[in-house]
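Working notes for the structure below.
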Amino acid sequence: MKRNARVGRWSGGLLLIALITAAYARVYHAGFIWDDEQHLTNNPVIVGPLGFADIWTSASAVYYPLVLTTFSFLHKLFGLTPWPYHALNVAWHIASALLLWRVLEQLRVRGAWVGAALWALHPVMVQSVAWITEMKNTQSAFFYMLAASLLLQSRRSKRPTSLYYCALLSFIAAITSKPSTVMLPLVLGLCLWWKHGRLERRNFVTLAPFLLVSVAASVWTVWEQKYHAGATGAEWVQTPLQRLLISADAVWFYLLKLVWPHPLIFIYPRWNIDPSVWLNYLPIAALIVGATVLYSKRRRLHAVVFAMSYFVITLFPVLDFFDVYFFRYSFVSDHFQYLASMGPLSLLGAALSRTSEHFGAPRFIRLLGATACLAILGTLSFHQTNNYRDLVTLYQATLAENPRCWMADYNLGLALRNRGDLAGAIAHYRRAIESHPDYVEAHYNLGGALIEKGEMAEALTHYRRAIELKPDDADSHNNYGAALRQLGRTNEAKEEFRSALSLRPDYLDASLNLASLLLRAGRAEEATAQLRESALLQPNNAVVHSALGNALMKTGKAREAAAEFTRTLALDPNNTSALNSFAWLLATASDDTLRDGRRAVELAQRASEIGGDADPVLLHSLAAAYAEEGRFSDAIATAQRATQLAEQRYDQGLVHALRDELSLYELGFPYRQSASVR
């Protein structure tokens, strides 16, 4: 019997793994989507300049330090290739399903394998498994279920202490993967009640350390969401009564999605609950009636009480009692019920098993029925994963079911613009503004797209609107300034750049834009001072040092300029602008002790190799470098080619400069100039 049981267990485990793997076969070809950039692809603790220690000690960890540690490890092995992250996400889901099966058996729940399989293959889980960012869910679920299994095992072990501490460590690992697992102590209490029919004093002693960890994590999470994630503002202002009604709606929403998982939408419509409408009280009334009936029949409906209590307890952190940043878009999301859905689906598995046994269905028929049910769920999940293939597919699928989703329109606009579809991007930015007129980011990006299209007047309107809505947004001021500069309104542009810098002193684009305007206005000293300030704020930024070097050349401070170019190339050896400007300086400086023809040729040749030999500006410097080294035939040939290319670009200023210098090279003289802007 023991051997048969082991064979059955192995067969069941392998079958579960095979079913999940087949259902999620498509995700290995998927890419990165929304929020993956914040958590992974653009996260400074993963891709630099911050490091591993910052994952656990800085706000950049976005309070998921253990998941970011996992991302960091994968990044070191595979870089930003998506499939290993997807593969691990599926692996965590498989491991969580196997542990759920184990915990249900420890609780002596009928149909444990069926319950675990129903959960693992249900299409509501797709959002968590197909979305790399939601490794927060799959990884935390593994440690969550491991903690429960270890604690239950410790109650029957000869060495309970070691298992108990392992359970506590697993809980900490779950919380540092995703803080919404803070409800585990109550779930563990529920499990002990299920097993023994009551809670004893020693149970509270057992759970006390778990509760302490939970309380600490809860306080931190509430603070983080409100003050770091930015869950403050009009979108999060609801009365206590509205919050209660929204939360009741959410409980029924999640339960009904398990019963009928269609449609499944990445962003569901955001509810607007009016407490003055009596129909809005039906969901909470139904909850109260249901809870009353279950409590009164708790002995007969023991399993239902357990499953539904688990469901509501686990959902509690993601209901509208707390401010969660995602609630800006919707009060519900599939990934919020990843853990909670284990309760109702395990109950369904038990009900199916008990019903089939009650009617005496042959084993073959029961197996066939279970297979058909799981095949349907697996097929639905398989098709649902296609929506997560890439950003454009995801947002198009979202808008097909939720046409007023301004967040999806806006992000689809960003994705289309990245693909070069400017017209498509503009159309979706406009749709986002139609749905949400005060959407600052949409006004801002629509302004940028319109500038790219050449529609300057309308672009300025949207930038002004973005600034009206959010006066402290430095990006809006900077881009508004850039648009004004293109229209020749330089004084107004300078003021906008200064406003951007007052809001964000280390804003490099604004600093460079302001310095450029000052240089063109002949105010080189002011430009230099501005860039020096930026260099102090960003001492390791090669672009700043290169710009400062050019400004110093303009003011005739050749040696200081050379020092800045040297710093630039130490930080970024392939900085084409610095290579070119430094080569020009070494070839043409009036200071004999500074000029170095050989070094100038090396730098200019490297600049041409990186930037291409069809850039007349780079060839201009290379010709001057050849002349300084005495290679006049090379200087003449290079200057002639640069002149032809400059003529093709209609750059008459460069053409005239090259012709003047060419006459010197033909006479055997190098070009001398103490300062120049490159």
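For this structure, a couple of remarks:
- Checked against the criterion of being open to solvent by less than 60 Å² (accessible area, probe 1.4 Å) and under 20 Å from SER96 (Cα atoms), region 191-198 has at least one qualifying residue.
- Odd one out for VAL45, checked against (1) over 28 Å from MET342 (Cα atoms); (2) open to solvent by 10 Å² or more (accessible area, probe 1.4 Å): (2)
- Looking only at region 139-176, and only at residues there that are under 14 Å from SER96 (Cα atoms) and polar (S, T, N, Q), the one that is farthest from the chain's Cα centre (by Cα): SER149
- Of all the listed residues (ARG354, ARG366), the sole one being at pLDDT below 95 and in contact with a Ser or Thr (Cβ under 6 Å, 6 or more places away or on another chain) is ARG366.
- Output for region 605-624, where each listed residue is without any contact (Cβ under 8 Å) to a residue 60 or more places away in the chain, open to solvent by 40 Å² or more (accessible area, probe 1.4 Å) and within 16 Å of ALA587 (Cβ to Cβ): GLN605, ARG606
- Of residues in region 422-460 being open to solvent by 70 Å² or more (accessible area, probe 1.4 Å) and in a helix (DSSP H, G or I), the one nearest to GLN396 (Cα to Cα): ARG431
- Residue check, LEU255 more than 26 Å from HIS436 (Cβ to Cβ) and modelled with pLDDT of 95 or more: yes
- Enumeration of residues in region 243-252 that are more than 15 Å from MET308 (Cβ to Cβ) and either open to solvent by 40 Å² or more (accessible area, probe 1.4 Å) or of a type in the set (D, E, K, R) (or both): ARG243, LEU244, ASP249
- Only one of the numbered conditions (1) of a type outside the set (Asp, Glu); (2) in a helix (DSSP H, G or I); (3) modelled with pLDDT of 90 or more is not met by PHE32, and that is (2).
- Helices (runs of 4 or more DSSP H) (entirely within region 489-583) containing at least 1 residues that are in contact (Cβ under 8 Å) with a residue 60 or more places away in the chain and either among the aliphatic types (A, V, I, L, M) or closer than 21 Å to SER621 by Cα (or both): 508-520, 542-554, 558-571
- Number of positions in region 199-215 that are within 40 Å of the chain's Cα centre (by Cα), open to solvent by 70 Å² or more (accessible area, probe 1.4 Å) and either of a type outside the set (Val, Ile, Thr) or farther than 18 Å from LEU169 by Cα (or both): 3
- When ALA375, ALA340 are checked against the criterion of being under 28 Å from VAL90 (Cβ atoms) and either open to solvent by 20 Å² or more (accessible area, probe 1.4 Å) or of a type in the set (D, E, K, R) (or both), ALA375 stands alone in meeting it.
- Looking across region 281-327, the residues that are buried (at least 19 other Cβ atoms within 10 Å of the Cβ) and outside any helix (DSSP H, G or I) come down to LEU319, ASP320, PHE322, ASP323, VAL324.
- Taking the conditions (1) open to solvent by 40 Å² or more (accessible area, probe 1.4 Å); (2) at pLDDT 95 or above in turn, ASN540 satisfies each one other than (2).
- Entirely in region 51-169, the helices (runs of 4 or more DSSP H) that have 2 or more residues that are surrounded by fewer than 20 Cβ atoms within 10 Å (Cβ to Cβ): 52-57, 65-78, 82-106, 135-154
- Test: GLY522 is within 30 Å of ILE426 (Cα to Cα), of a type in the set (Gly, Ala, Ser) and surrounded by fewer than 20 Cβ atoms within 10 Å (Cβ to Cβ): no
- Members of region 625-678 found to be among the aromatic types (Phe, Trp, Tyr), crowded, with 17+ Cβ neighbours inside 10 Å and over 27 Å from GLY522 (Cα atoms), listed by number: TYR626, PHE632, TYR665
- Test: residue in region 471-482 that is without any contact (Cβ under 8 Å) to a residue 12 or more places away in the chain and open to solvent by 30 Å² or more (accessible area, probe 1.4 Å): yes
The values are calculated or read from the model by the stated rules, or taken from the named source; none is laboratory data. Just so it is clear, the model here is predicted, and its values are computed rather than measured. Because the Cβ atoms are built from the backbone with ideal geometry, glycine has one as well, and the counts that use them run over all protein chains shown. The accessibility values were calculated without ligands, DNA or RNA, using every heavy atom of the protein model including side chains. Shrake-Rupley method; radii C 1.70, N 1.55, O 1.52, S 1.80 Å.
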